[in-house]
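Encoded as structure tokens, the structure appears first; notes follow it.
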Amino acid sequence: MREDRLSPFRDAQTDRSTASEVPDTPQTRSPAYRLAFADDDFLCRDELRPVRLQLELLKPEMIMTEREITSTIVMFGGARIPEPSQKHTARTQTLANLSEYYDEAREFARLMTEKSNETGCRENVIVTGGGPGVMEAGNRGAQDAGGCSIGLNIVLPHEQAPNLYVTPELSFNFHYFAIRKMHFLMRARAITIFPGGFGTMDELFESLTLIQTGRMDRVPFLLFGREFWEKVINWEALADAGTISDEDLDLFRFVDTAQEAVEIIENWEPAPPRNEIPGR
């Protein structure tokens, strides 16, 4: 029995090892004989979805708790935005022009990680989706500062792998989008949104809705690139139509540079969650 265990019972790892060494018989070869927790086919059954949801929530939570990570800086943004040196590979000129936000994302992550390093990589840790584009820039900036960063990857139909700048011990992989989103926001001290597509829009509006409805504390909610966001979303039209309130337009701020974003976060006065929704 391992000395760090509190239970007097035999541990699961030992029994898993013992079960793999039993005699080879028709009975031991049967799937029914496999230990339930060591049976991949069993764990992947549709009926086990609630268990998989729980495991996917629990594993990253345990690892981050063990590393004493108490707060994160969330970076959402497009996977297709190239770094400036590769902007010639962009499929549109507009996308090539957005490459400037790769550098801003990288610089923002570097500045925030310099401050995170002072806490031993426990506070204000950069977290991205772990992929290319803006996500890569965020993890890369953290590495530039000599710090750690988190990557929350998800399995997609096409080939997907973490970018090479994610701290390996904090590189997670998800099956469920919903659980991944929870991990993005559970420790969020600030949320930054860089130009992006459907995925970025989804993350923007879901997290903004949590703040709007009082389900989440007010945190700095920063949209990088006023020109981009005001072109793709007519915020004032939503307020004019009454589908959101004028007060909802104060839930986020536009910024164009990393330094602007850092200054807002540093000077942010903590605010409680809303207890009512304006305009209702």
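Here Thr70 passes the criteria (1) crowded, with 18+ Cβ neighbours inside 10 Å; (2) closer than 23 Å to Pro270 by Cα; (3) in contact (Cβ under 8 Å) with a residue 40 or more places away in the chain except the one numbered (1). Quick check on the stretch 122-137. Is at least one of its residues in contact with a Ser or Thr (Cβ under 7 Å, 6 or more places away or on another chain), modelled with pLDDT of 95 or more and of a type in the set (Asp, Glu)? Checking the stretch 122-137: at least one residue is in contact with a Ser or Thr (Cβ under 7 Å, 6 or more places away or on another chain), modelled with pLDDT of 95 or more and of a type in the set (Asp, Glu). The residues of the stretch 157-182 that are under 11 Å from Gly130 (Cβ atoms), crowded, with 17+ Cβ neighbours inside 10 Å and of a type outside the set (Val, Ile, Thr), listed by number, are Pro162, Asn163, Tyr165, Leu170, Ser171, Phe172, Asn173, Phe174, Arg180. A single entry from Leu35, Leu57 fulfils the requirement of being of a type outside the set (Val, Ile, Thr) and over 23 Å from the mean Cα position of the chain (by Cα): Leu35.
Check whether at least one residue in the stretch 92-101 is more than 30 Å from Cys121 (Cα to Cα), without any contact (Cβ under 8 Å) to a residue 24 or more places away in the chain, among the charged types (D, E, K, R) and surrounded by fewer than 20 Cβ atoms within 10 Å (Cβ to Cβ), and report yes or no. No, the conditions are met nowhere in the stretch 92-101. Does Arg215 qualify as being more than 26 Å from Arg110 (Cβ to Cβ) and in contact (Cβ under 8 Å) with a residue 12 or more places away in the chain? Answer is yes for this residue.
State all residues of the stretch 6-30 that are surrounded by 10 or more Cβ atoms within 10 Å (Cβ to Cβ), in a loop (DSSP other than H, G, I, E, B) and within 38 Å of the chain's Cα centre (by Cα); if no residue qualifies, say none. Selection gives Arg10, Asp11, Ser20. Please tell me if Asp103 is in the same structural domain as Ala161 (by TED's automatic domain parsing) and charged (D, E, K, R). So Asp103 passes the test. Screening the stretch 210-272 for helices (runs of 4 or more DSSP H) wholly inside it with 1 or more residues that are closer than 21 Å to Thr113 by Cα and in the same structural domain as Ala105 (by TED's automatic domain parsing) returns the ranges 258-266.
The lone criterion from (1) surrounded by 15 or more Cβ atoms within 10 Å (Cβ to Cβ); (2) over 20 Å from Phe224 (Cβ atoms); (3) in contact with a Gly (Cβ under 9 Å, 6 or more places away or on another chain) left unmet by Gly77 is number (2).
The values are calculated or read from the model by the stated rules, or taken from the named source; none is laboratory data. Because the structure is a prediction, the values reported are computed rather than measured. Because the Cβ atoms are built from the backbone with ideal geometry, glycine has one as well, and the counts that use them run over all protein chains shown.
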